[in-house]
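Notes follow the structure.
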Number of protein chains: 2
Amino acid sequence: MTRSAKTPTMIDVAQRAGVSPMTVSRAFKRDASVSDDTRRKIHAAAEALGYVFDSTASNLRSQKTGFLAVIIPSLNNANFADTVGAMTTQLRDSDLQILLGYTDYDIEEEERLVEQFLRRRPEAIVVTGGKHTGRTRRLLQNAGIPVVETWDLPEDPIDNVVGFSNAAAVGQMVDHFVARGLTRIGFIGGDEASDTRGFDRRRGFVAAMRAHGLTADRLIAGGPPPVMMREGAQAMADMLTRWPDVQAAICVSDLSGFGALTECQRRGIAVPGDISIGGFGAYDISAQCLPTLTTIDAFSSEIGRATGQLVDELLRNPARDRPAPQRIMVHPRLVVRGSG
Amino acid sequence: MTRSAKTPTMIDVAQRAGVSPMTVSRAFKRDASVSDDTRRKIHAAAEALGYVFDSTASNLRSQKTGFLAVIIPSLNNANFADTVGAMTTQLRDSDLQILLGYTDYDIEEEERLVEQFLRRRPEAIVVTGGKHTGRTRRLLQNAGIPVVETWDLPEDPIDNVVGFSNAAAVGQMVDHFVARGLTRIGFIGGDEASDTRGFDRRRGFVAAMRAHGLTADRLIAGGPPPVMMREGAQAMADMLTRWPDVQAAICVSDLSGFGALTECQRRGIAVPGDISIGGFGAYDISAQCLPTLTTIDAFSSEIGRATGQLVDELLRNPARDRPAPQRIMVHPRLVVRGSG
DNA sequence: ACTTGCCATGTTAACGATAACATAAGCAAA
DNA sequence: TTTGCTTATGTTATCGTTAACATGGCAAGT
């Protein structure tokens, strides 16, 4: 074979198999009508030539890319990774290819990503959260494809929503601690507006405390997201310094919750004897640490599964007759464990 | 505006701006020569029409997609997530778009992914590990694009490599424990061949033990990957049952290491007093738990950075005059901490 | 035998951008 | 003034596939 001849195309395959290029094209589709005999011949020819189907051309001509754009704040966050994982699983048989991007919790970066992704002509786009720049909203609204906002319940959704109220979820945990007779409860994290969901959780904490007639001023900063274990430990140290009488600490995530827990242990403070601790997210670690961590399971996987299913359904109908925007609620569950 | 008129193309923008489509095309490139005045006019027209550049067409005509295919075993693994994160950062200014896929530690799934990705005509492809199906190897070799195998040192590389020896890394840890006078050392995990790197770590454990003249039969299965905290705890329980005299346990990852640690704590076994524990991967948790976990830092981020840089360099030259395949070594470092 | 209709296949043109080449204008050097 | 070179722009054809339409053959229905 002459080396470095160009990459073979359908035309080459067609010639070798003695059919027209169109038939080759059909042979590479699932449902197209091609006789078994011809199909075999074509695949043999393709294999022999080392032909690899070119989606690039297919995408252009058919005006379908098979891309699903998905934007999450951070790859390195098990919750979002779970969501994306479940979405992938759900979409396994729908030949959609996920185009994954992450914003580092920055809506300007999100704007850049959305713009970049829309150039690839995805068939739908999934974003995390409901807070976006004006330009992002405009781009998404005009893209003419289904949009799904996840992990949140925006007041004014762009299109579809699969999410839950972060504020209400934390409210459940406050109720739980109060029911156990604790009143001096603090919150760690959620101080940076850029972490929209963390911010909402803190809001939910304050609201729930007030609803119980309790003061909600034991608030400790966790710093800019991602709030990790180390920051949680530091925050707990601050908490103990400023409010030594604190009876419970609710953390913006299990990671900071675990950090807070270890800080208590380093200081010989008993958990939950002296202080109760709550986290958020049902990360693996919350089920494995000692004591296990009371947390809120937001069902990250379910969000991904439901989003995948929704996208799949939406794309099944032609754009013309798609149902009205949906608002799918996921219901976070308080998981009471050893830490309080 | 007439609703649902088709998505505008460059032709529409060109007409509105009073120039030719070619000029519009140039105005959307960075380095093309277009007068400032014209460029402004064109961008204004594009904005007014809500025009969004169509990469799909551009890709076909220019035979460049700007895609970099990256395949990792699992999204939900902080090490690989770090690698991908660092790669993204490194490639920020190179307008390459990462096409991310994960195999769930299954080389058949890898084959499917490689095939799927190659259809998208990526400009380079990064895979994790050096073990692939025959067809995968063939596909990668014939793809005519740079290939990088990472996180491993394959004996017979397909093309470029950015990695390290998992076996040798674990050897360092064995040496460390032996130097501390421990001889009855066990290994947790790495029993499943599908987790190539885990398997290599176990091999490295056995080899290093033998090199010290010690028996290397204290091997506990961790089960199929991903080996998480829970499996580590179970494995430690098994270890203590079968070899109650064990002095140290080296775990295939920090996650199982942490699980092992908590299991000891649940049983009142002092770490490192009664048993030393070592992990792998320098996950956040290893620095935060109590006691902190001795581990091996494989520099996941550095792997990503170096890979990104390599790809960038390779793609800078035309295919014709690319340097010979490179083999970039990363040197894992033993991080001695509280657990032994 | 003659529609009717389906199935397998072929022909033609187009998806939307841009490579490659062409040209006009401007300006510096000779 | 002429030549040469750069800069800004236009023209034409094409990237590889497939939508849309066309066709021939063969089976079933009347």
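Would you mind calculating the relative contact order of the stretch A:10-53 from Cα pairs under 8 angstrom and at least 6 residues apart, reporting the percent as a whole number?
Working: 35 pairs, mean separation 17.8, N = 44.
So the answer I get is 40 percent.
Summing both sides, the accessible surface hidden between A and B at a 1.4 Å probe radius is close to 4600 Å². Modelled spin labels at B:Thr241 and A:Asp95, positioned 7 Å past Cα toward Cβ, are 4.9 nm from each other. Using a cutoff of 8 angstrom between alpha carbon atoms and counting only pairs six or more residues apart, the relative contact order for chain B works out to 15 percent.
Extension gain for A:Arg333 to A:Thr9 (0.36 nm times residue separation, less C-alpha to C-alpha distance): 111.3 nm.
What separates the A:Asp37 label point from its copies, with the point 7 Å along Cα to Cβ, is 6.8 nm, written shortest first. Using a Gaussian network model of chain A in which every pair of alpha carbons under 10 angstrom is joined by a spring, one finds that among A:Ala17, A:Ala69, A:Ala208 the greatest mean-square fluctuation is at A:Ala17.
With N counted as the residues of the protein assembly as shown, its alpha-carbon radius of gyration over 2.2 N^0.38 Å works out to 1.04.
Could you pull out which residues in the stretch B:127-148 have an amide N less than 20 Å from a spot 7 Å beyond the Cα of A:Ala48, following the Cα-Cβ vector? Residues B:139, B:142 qualify, since their backbone N sits under 20 Å from the label point.
Indicate, rounded to the nearest 5 percent, the antiparallel portion of the DSSP beta bridges found entirely in the protein assembly as shown. Present the calculation step by step, with values, prior to reporting the outcome.
Numbers: 6 of 65 bridges.
In the protein assembly as shown, approximately 10 percent of DSSP beta bridges are antiparallel ones.
Radius of gyration over Kirkwood radius for the stretch A:68-152, both on Cα atoms: the Rg/Rh ratio is 0.94. A Gaussian network model of chain A, with springs between Cα atoms under 10 Å, assigns the largest mean-square fluctuation among A:Tyr102, A:Tyr51, A:Tyr283 to A:Tyr51. Mind checking which of B:Ile285, B:Ile158, B:Ile11 has the largest fluctuation in a GNM of chain B, springs on alpha carbons under 10 Å? Sorting by GNM fluctuation, first place goes to B:Ile11.
Once every DSSP H run of n ≥ 4 in chain A is given -39500 (n - 2.57) and the sum is divided by its residues, what mean residue ellipticity at 222 nm do you get, rounded to the nearest 500 deg cm²/dmol?
Values: 13 runs with 151 residues, N = 340.
Theoretical 222 nm ellipticity from helices: -13500 deg cm²/dmol.
The translational diffusion coefficient of chain B, from Stokes-Einstein at 25 °C and 0.890 mPa s with a Kirkwood hydrodynamic radius over alpha carbon pairs, comes to 109 µm²/s.
The long axis of helix B:78-90 is offset from the longest Cα principal axis of chain B by roughly 30 degrees.
Using only the Cα atoms of the stretch A:220-274, construct the convex hull and provide its projected area averaged over every direction, in square nanometres to one decimal.
Working: hull surface 13.1 nm².
So the mean shadow area of the Cα hull is 3.3 nm².
Placing a label point 7 Å from the Cα of A:Glu108 along the Cα-to-Cβ direction, the distances to the matching points in the other copies come to 4.9 nm, shortest first. Shown for chain B: lysine pairs separated by 8 or more places, or found on different chains, whose C-alpha atoms are under 26 Å apart, numbering 5. Compared with the dominant principal axis of the Cα atoms in chain A, helix A:229-242 is inclined by about 20°. For chain B, the longest principal axis of the alpha carbon atoms and the long axis of helix B:196-211 meet at an angle near 30°.
State the dimensionless ratio Rg/Rh of the stretch B:264-318 (Rg: radius of gyration of Cα atoms; Rh: Kirkwood radius). Each step should come with its number before you reach the end.
Working: Rg = 18.6 Å, Rh = 13.9 Å.
Using Cα coordinates only, the ratio equals 1.34.
The H on the amide N of B:Leu219, modeled in the peptide plane, is under 5 Å from the matching H of B:Phe187, each at least 5 residues off or on a different chain. Tell me, rounded to the nearest percent, the portion of alpha carbon pairs in the stretch B:54-201 spaced more than 18 Å apart. Distances greater than 18 Å cover 62 percent of the Cα pairs. Treating each Cα of the stretch A:10-53 as an identical point scatterer and summing with the Debye formula, the log10 of I(q)/I(0) at q = 0.20 Å⁻¹ comes to -0.48.
In the stretch A:166-297, Cα pairs under 8 Å separated by at least six residues give a relative contact order of 23 percent. When the charge dipole of the protein assembly as shown is built from unit charges on Cβ atoms (+1 for Lys and Arg, -1 for Asp and Glu) and taken about the Cα centre, the candidate among A:Ala179, A:Pro225, A:Thr150 whose Cα reaches farthest toward its positive end is A:Thr150.
Applying 1/(1 + (r/R0)^6) with r as the Cβ-Cβ distance of A:Thr215 and B:Ala270 and R0 = 60 angstrom yields a FRET efficiency of 0.90. A point 7 Å from Cα along Cα→Cβ stands in for B:Pro291, and the other copies hold the same point at 2.6 nm, listed in rising order.
The values are calculated or read from the model by the stated rules, or taken from the named source; none is laboratory data. On a predicted model such as this, the values are computed, not experimentally measured, just so you know. All Cβ positions, even for glycine, are placed from backbone atoms using ideal geometry, and neighbour counts span all protein chains on display. The protein model used for the area step is the full one, side chains on, heavy atoms only, and it has no ligands, DNA or RNA in it. Shrake-Rupley method; radii C 1.70, N 1.55, O 1.52, S 1.80 Å.
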